[in-house]
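The values are calculated or read from the model by the stated rules, or taken from the named source; none is laboratory data. These numbers were taken from a predicted model, which means no experiment stands behind them. Neighbour counts run over all protein chains shown; Cβ positions are idealised from the backbone, glycine included.
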Amino acid sequence: MVSESSDIKRKAKDRLIVALDVPSLDEARPVLKRLGDEIEWFKIGLQLFCAEGPDIVRWVRDQGKKVFLDLKLHDIPNTVARAVESVGHLGAGLITLHAAAGSEALRQAAEAALQFPDAVRPRLLGVTVLTSNQELPERELEAEVVRLAERSFQAGLDGVVAPARSLEPLRERFGEAIRVLCAGIRPAGSAANDQHWIMTPARAISDGARWIVVGRPILRAEDPAAAAAAIRREISSVLETQTGV
């Protein structure tokens, strides 16, 4: 078992996001209760947001948690920018928009986010290629990820969402200048489900992911808090190696 310093544990917890992929607030409540203080970040996606509306973001925030609002905004530039303003006022820490929306939509979204004080400014992430994508060969997928990441970077976004297998080409192109959030993360031995491009937590962090999103391996575990703690310890072990602790 990894022996974690308080600083490493804090940093590891800030890297792990649990996908709150449930259909209603009634099902979200026991998830947060069972995970307790083990998890700081929760992802709210389209299903839960459409079912409960903006109040679900406020509720998660009221529990003392941080929100990754994964709506993958994709529309004309003005609409995307105004949507960023609206959801930014809800207190989400991370917001996604499709990089395929175009450079102007991304640029206006970045400008809209800058209207908030830095301490509460939502960080915007451009979605490159979804982890469920099975149509592109790996080499073409990596090229498309880098292309859309370049668009996001030039537009002033704070980072990108990308398959974990694209971390190496992203680091080769951008170094540490771009932050990457990776979904499709599965502990060793977990089922892939509908995720095509998957990776273990330790490997993703080691390869340069800033945040990782984990859903079913935690939500469907017999003891979700223990499952989350095990993943956090995986992250801690990598961070300790990187920092020489």
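A few notes on this one:
- Residue in the range 5-37 that is surrounded by the most Cβ atoms within 10 Å (Cβ to Cβ), counting only those that are over 20 Å from Val180 (Cβ atoms) and touching a strand residue (DSSP E or B) at 6+ places or on another chain (Cβ under 9 Å): Leu20
- Candidate set: the range 15-29, residues that are among the charged types (D, E, K, R) and over 10 Å from Ile235 (Cα atoms); chosen: the one farthest from the chain's Cα centre (by Cα): Asp26
- Here the range 222-245 is the region considered, the condition is being among the polar types (S, T, N, Q) and in contact with a helix residue (DSSP H, G or I) (Cβ under 7 Å, 6 or more places away or on another chain), and the residue that is surrounded by the fewest Cβ atoms within 10 Å (Cβ to Cβ) is Ser237.
- The C-beta contact set for the range 74-101 (first residue closer than 19 Å to Arg147 by Cβ, second residue surrounded by fewer than 16 Cβ atoms within 10 Å (Cβ to Cβ) and not polar (S, T, N, Q), distance under 7 angstrom, 6+ apart or interchain) comprises Ala101/Asp75.
- Residues that are among the polar types (S, T, N, Q) and within 14 Å of Ala155 (Cβ to Cβ) do not occur anywhere in the range 73-85.
- When we screen Phe116, Phe68 for residues that are surrounded by fewer than 17 Cβ atoms within 10 Å (Cβ to Cβ), among the aromatic types (Phe, Trp, Tyr) and over 20 Å from Phe174 (Cα atoms), the only hit is Phe116.
- Gln47 meets each of the listed conditions (1) under 20 Å from the mean Cα position of the chain (by Cα); (2) more than 21 Å from Ala183 (Cβ to Cβ); (3) among the polar types (S, T, N, Q) apart from (2).
- Restricting attention to the range 121-141 and to residues that are in a helix (DSSP H, G or I) and surrounded by 11 or more Cβ atoms within 10 Å (Cβ to Cβ), the residue that is modelled with the lowest pLDDT turns out to be Glu138.
- Residue list for the range 42-65, restricted to those being farther than 14 Å from Leu25 by Cβ and surrounded by fewer than 14 Cβ atoms within 10 Å (Cβ to Cβ): Leu46, Gly64
- Within the range 221-236, residues that are under 12 Å from Leu35 (Cα atoms) have Cβ atoms under 8 Å from residues that are of a type in the set (D, E, K, R) in these pairs: Pro224/Arg34; Ala225/Arg34; Ala225/Glu38; Ala228/Glu38; Ala229/Glu38, counting only partners at least 6 apart in sequence or on another chain.
- Which listed residue, of Ser24, Ser6, is hydroxyl-bearing (Ser, Thr, Tyr) and within 27 Å of Ser206 (Cα to Cα): Ser6
- Applying the condition of being in a loop (DSSP other than H, G, I, E, B) and within 15 Å of Glu240 (Cβ to Cβ) to the range 1-57 and asking which residue is modelled with the highest pLDDT yields Ser5.
Yes or no, residue by residue, for (1) at pLDDT below 95; (2) at negative phi; (3) not in a helix (DSSP H, G or I):
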site	(1), (2), (3)
Ala100	no, yes, no
Glu111	no, yes, no
Phe153	no, yes, no
Val160	no, yes, yes
Ser166	yes, yes, no
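- Residue match in the range 196-211 (condition: in a strand (DSSP E or B), modelled with pLDDT of 95 or more and in contact with a strand residue (DSSP E or B) (Cβ under 7 Å, 6 or more places away or on another chain)): yes
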